[in-house]
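I have placed the structure first, in the form of structure tokens, so that the comments after it can refer back to it.
The values are calculated or read from the model by the stated rules, or taken from the named source; none is laboratory data. This is a predicted model, so every value here is computed, not measured. FYI the Cβ positions are ideal-geometry reconstructions off the backbone, even for glycines, and counts take in every protein chain you see.
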Amino acid sequence: MTSRKYWLGQVGDFELKQLRVFTTVVQCGGFSAAEAELNITRSTISIHIANLESRLNLKLCHRGRAGFALTEEGKIIYESAKKLFDSVEEFRATVNNLNATLSGDLRLIFSDTVSGDPRLGLPELINQINELAPGVYITVDVASMSEIEQMVINEEAEVGFIPLHRQIEGLEYIPLFSDNCYLYCHRSHPLFAVADSEISDELIDGHPFVQAGLKPHKDAASLIEQMELRATAYYYETRLALIRSGRYIGFLPEHYVANVVEPGELRALRPERNIYRLELGAIVRKSARANKARDLFIKLLQEKLQIVSDKAEKNA
């Protein structure tokens, strides 16, 4: 007796909803973690997955005391579903870009304190976007440099703002501005009262050092290779907190320090030697799907930078 062949037939909205629940469960690593993301109960999630398995006539995952795990068929369906939703998103973006009224999403993701930097002028740029394209939905968030790079590559964000530590294939880089980064200690630190002429590399290397927790900037690598790394703090705010404890020394941008600390609170140690230049920039994905909102934002950003550059040249 031959086995009866199974044909899926037409896929409708109900199946798409179930597939979205399934992909969210996979991305969250299980039913429990997906509850908050989907804002539905675990039992409802289980019903959706069971109905999807019945509809597809496939066992998609194992769930129970051993934890959540995809079957081989589940892995294939998950990858296919991701491609399907990417295609739907691309279709939606295409339609938005064909409309006479500029609409769609503009997702901006920032590293550290860049969003509040007056040299960028984000409030002014957001105001311009709203005047020229009031139909655009704007999302602004903060993440680490590596997360921002990945989000832009995956088209989970249109524009990222990061320190330009490195260049990755597939990304375009737009330089914005740069800062001098100095090695600071707090006034309660033992080195604060020591004259620069008496501070040697060996003396600095003997004190606990806090760094960002990622591969050092190329110009900083030689400065910190012998230092006593005793703490990690990626964000400027948390790194400053450790330096303010009086227990650590660490590099921070001069511009950031000037805006958040009291005069005389921090001291740059041998600034003529312990210094490197850190450039900040915007990143976009090369060959990204069409997005008029992103293109307008980049155009406004570049125009603003050109105006600032022209003013600086006139004042020089």
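Residue-by-condition table, conditions (1) surrounded by 14 or more Cβ atoms within 10 Å (Cβ to Cβ); (2) not aliphatic (A, V, I, L, M):
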| site | (1), (2) |
| --- | --- |
| Ser80 | no, yes |
| Asp86 | no, yes |
| Ser103 | yes, yes |
| Thr113 | yes, yes |
| Val140 | no, no |
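Which helices (runs of 4 or more DSSP H) does segment 153-249 wholly contain that include 1 or more residues that are under 30 Å from Val284 (Cβ atoms)?
On the way: elements: 201-205, 218-224, 236-244.
Once the helices (runs of 4 or more DSSP H) in segment 153-249 are filtered for at least 1 residues that are under 30 Å from Val284 (Cβ atoms), what remains is 218-224, 236-244.
A single member of Gln211, Gln226 is over 30 Å from Leu301 (Cα atoms) and surrounded by 17 or more Cβ atoms within 10 Å (Cβ to Cβ), and it is Gln211. Before we move on, is Asp105 modelled with pLDDT under 90, under 22 Å from the mean Cα position of the chain (by Cα), in the same structural domain as Asp295 (by TED's automatic domain parsing) and on the phi < 0 side of the Ramachandran plot? So Asp105 passes the test.
Is there a residue in segment 270-277 that is in a strand (DSSP E or B), in contact with a Ser or Thr (Cβ under 6 Å, 6 or more places away or on another chain) and either aromatic (Phe, Trp, Tyr) or in contact (Cβ under 8 Å) with a residue 24 or more places away in the chain (or both)? Quick ask: steps written out before the conclusion?
Taking segment 270-277 and keeping what is in a strand (DSSP E or B), we get 275-277.
Right, trim to in contact with a Ser or Thr (Cβ under 6 Å, 6 or more places away or on another chain) and you get 277.
Add one more test, that the residue is either aromatic (Phe, Trp, Tyr) or in contact (Cβ under 8 Å) with a residue 24 or more places away in the chain (or both), and what stays is 277.
Yes: one or more hits.
Going residue by residue through segment 74-81, is there one that turns out to be under 18 Å from Glu156 (Cα atoms) and of a type outside the set (Phe, Trp, Tyr)? Yes, that holds for at least one residue.
Look at segment 136-158: where a residue is of a type outside the set (A, V, I, L, M, F, W, C) and a partner is in a helix (DSSP H, G or I), sitting 6+ places away or on another chain with Cβ atoms under 6 Å, you get Glu158/Arg294.
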